[in-house]
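K.L.:
So that we are looking at the same thing, I have put the structure below in C-alpha cells.
The values are calculated or read from the model by the stated rules, or taken from the named source; none is laboratory data. Remember, predicted model here, so these are calculated numbers, not experimental data. Reconstructed Cβ throughout: ideal geometry from the backbone, glycine too, with neighbour counts over all protein chains shown.
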Amino acid sequence: MTEFSGVSARSRQLANLLLPLGNIGMRGAGLVGRFALTLYFAKHFELSEIGTFGLIAGMAGLLPSLIGCGVNYFLNREIVGADPLRAGTLLRDRLVLTLAMLLLVGLSFGAAHAAGVVQAPASLGLLAFILAGECIAFDVHMSLIGLRMPVAANFLLFVRSASWIFPVLVLGTLWPQLRSLSFVFWSWAGGVIASFIFLLMLLRSWPFAAISKRPIDFAWIGRTVRRGWLIYLSDLGIGGQLYLERYVVNELLGLRLTGVYTLYWTMANAVHVLVTVGVVQVALPDLVEAHRATDKAEWRQAFWHTTGRMVAITIPLCVACGVVVLKILPRLGIQQFAASPDLFWLMLVGVAIRLLSDMASYGLYSRHLDTEFAVMNIVGIVASLALSFILIARYGLIGAGIGMIVHGLLLLLLRSFLLLRSYVRQ
C-alpha cells in the first residue's frame, strides 16, 4: 500500500520525487513550531521551567523505547508491502502489547509511589495521558513509514507535536495568565487527541470490521518479543543516546543549566529530525527492497544516493540554524541564546556527524545485520553516558557538545566498518 496507489507509473514517479518535499514541508512546519515554542520559553519562562519541560519531553521520547520490547524493528520490515487487512492486523496486535506495557508501567509507578520511592509530579494524570498517547502514536508512525505513507505519518506527527504550539503562543501573548507549563501541557494533550482523530480519517478505507474479527495473535506477539530482546536493548540505546544526557546535565549542573541545554538541544535536534524523517526514513523501504535484489550494486547505489541527498540538505540547514540562533535572535533581544555560542556550534557539528552515523545504522538494518545493528546501539548508549559524565563533569555544559562529536565519530567509524565488511563479503 502506498499513498499513490491506483495512478499511472509516470504519476507514481513524480509522486516519489515529491515525497521528500512533502515530508520536509511537514517537518519544516514542525521545525517552525519548535523554534517558536523555544523562543516563547526563552522570553517568558524561567530556565528551571524550561528544564522541567525538557525532562518531560525527554521522557516522551524515551518511553516508547522503554516499553517497546524491540517489536517495531521486526514489524516494520514485515509490514512492507502488506495489504490493509494484514497491515491493520499486525498494527493492532502490536498496540495490544503497547497498552499492556503502559498498564505495567502505571502499576509499577503506583507501587513505587505508595512505597515512598518516587514522588508524583503535579498534573500526574495529564502527563500520563500525554506519555501514553505519544507511545501509541510512535508505534503507528513507524508502521505508516513501513507502509510507504510517510507524508501521512509526518502530518500526524506535526499535529501532535507542533500544531498546538501556535495557539499557545497567540493565547499566551494575549492573556499572560496562560503563560504556564500547565497550559502548555494541556495544549500538548489536545494535539495528541487531534492526531488520533485525523488518523481515523486517513485510514477510513481500511477494513476495520474485518480486522476486529481476526483473533489477536498472541503467539506472534510472544515470538517477536522473545527474539527481540537484543533489539530491545538496542532501542533503549537509541532513545538513551538522544535523551539521557539532559538527565546527566540535571544531575551534575542543576535544573537551570538543564534549561540552557534544552534550549540549544531543541534547536539543533530539529535539524536532525527534519533530515531523518524527510530524507532517510523515506528511503528505508527502498534500501530494504534493494538488498533483496540479486545485483548488490543496486543496494550500494541506493545507499550512496540517500547519503548524498542527506548531506546536501544537512549542511545548509545546520549553517542556517546556527546563524538564526546565534546571530539573529540575540539581536532581537532574546539574550539567552547568546549564553554559550560555542556549545551550539559544537552541537550542530555533532548533529551532522550523528546523521552520517545514523545513515550507516540504517544500512545495517536494511541488510538484516540485526546483531550488529543492536550491538552498536548498545555500545552507543554506554559510550554516551560515559562521555557525558566525564566531559560534563570536567568541562561543564560545553562538555555536552564535545561529547556529541566524539560519540558520533566513534559510532560512525564502527558502523561504517561493519557495513563495509558485510558488503564485501556478500
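K.L.:
What are the residues in region 141-163 that are over 11 Å from A194 (Cα atoms), in a helix (DSSP H, G or I), over 13 Å from the mean Cα position of the chain (by Cα) and not β-branched (V, I, T), if any?
P.N.:
S143, L144, G146, P150, A152, F155, A162
K.L.:
Would you mind telling me which numbered condition in (1) surrounded by fewer than 20 Cβ atoms within 10 Å (Cβ to Cβ); (2) assigned to a helix (DSSP H, G or I); (3) touching a Lys or Arg at 6+ places or on another chain (Cβ under 9 Å) I216 fails?
P.N.:
That leaves (2) as the condition not met.
K.L.:
Okay, next question. Please count how many residues of region 361-386 are outside any helix (DSSP H, G or I) and more than 19 Å from T276 (Cα to Cα). Can you show your working first?
P.N.:
Residues of region 361-386 that are outside any helix (DSSP H, G or I), as a first pass: 367-369.
Remaining after also requiring more than 19 Å from T276 (Cα to Cα): 368-369.
So the count comes out to 2.
K.L.:
Let me ask you something else. Considering only region 387-426, how many residues are surrounded by fewer than 16 Cβ atoms within 10 Å (Cβ to Cβ), out of contact with any Lys or Arg (no Cβ under 9 Å at 6 or more places or on another chain) and outside any helix (DSSP H, G or I)?
P.N.:
1
K.L.:
Can you tell me how many residues within region 236-251 are touching a Phe, Trp or Tyr at 6+ places or on another chain (Cβ under 9 Å) and closer than 13 Å to V375 by Cβ?
P.N.:
The qualifying residues number 0.
Okay, residues lined up against (1) modelled with pLDDT under 90; (2) in contact with a Leu (Cβ under 8 Å, 6 or more places away or on another chain); (3) surrounded by fewer than 17 Cβ atoms within 10 Å (Cβ to Cβ):
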position: T294; (1), (2), (3): yes, no, yes
position: A297; (1), (2), (3): yes, no, yes
position: T314; (1), (2), (3): no, yes, no
position: L343; (1), (2), (3): no, yes, no
position: G350; (1), (2), (3): no, no, no
position: A360; (1), (2), (3): no, yes, no
position: Y365; (1), (2), (3): yes, yes, no
position: L385; (1), (2), (3): no, yes, no
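K.L.:
Considering each of F166, F138, F183 in turn, give the residue that is in a helix (DSSP H, G or I) and within 15 Å of the chain's Cα centre (by Cα).
P.N.:
F138
K.L.:
Considering only residues that are more than 30 Å from V249 (Cα to Cα) and part of a loop (DSSP other than H, G, I, E, B), look in region 44-81 and name the one that is modelled with the highest pLDDT.
P.N.:
If we take residues in region 44-81 being more than 30 Å from V249 (Cα to Cα) and part of a loop (DSSP other than H, G, I, E, B), then I79 is modelled with the highest pLDDT.
K.L.:
So which residues in region 210-237 are out of contact with any Leu (no Cβ under 7 Å at 6 or more places or on another chain) and within 12 Å of T89 (Cβ to Cβ)?
P.N.:
S212, K213, R214, P215, I216, D217, W220
K.L.:
Among the residues of region 367-377, count how many are β-branched (V, I, T) and surrounded by fewer than 17 Cβ atoms within 10 Å (Cβ to Cβ). Outline the logic, then answer.
P.N.:
First pass over region 367-377, keeping only residues β-branched (V, I, T): 371, 375.
Then drop every residue that is not surrounded by fewer than 17 Cβ atoms within 10 Å (Cβ to Cβ), which leaves 371.
Matching residues across region 367-377 total 1.
K.L.:
Consider P84 carefully, then state whether it is modelled with pLDDT under 90, within 30 Å of H291 (Cα to Cα) and surrounded by fewer than 22 Cβ atoms within 10 Å (Cβ to Cβ).
P.N.:
Yes: the conditions hold for P84.
K.L.:
Follow-up question, since we're still on this one. Taking the stated definitions as given, is L263 in a helix (DSSP H, G or I), at pLDDT 85 or above and either under 23 Å from M142 (Cβ atoms) or in contact with a strand residue (DSSP E or B) (Cβ under 6 Å, 6 or more places away or on another chain) (or both)?
P.N.:
No; evaluated as a whole, the condition is false for this residue.
K.L.:
Any idea which of (1) of a type outside the set (A, V, I, L, M); (2) in contact (Cβ under 8 Å) with a residue 12 or more places away in the chain; (3) assigned to a helix (DSSP H, G or I) is the one P316 doesn't satisfy?
P.N.:
Looking at each condition in turn, P316 falls short on (2).
K.L.:
Give the residues of region 109-135 that are in a helix (DSSP H, G or I) and without any contact (Cβ under 8 Å) to a residue 24 or more places away in the chain, sorted by residue number.
P.N.:
F109, G110, A111, A112, H113, A114, L124, G125, A128
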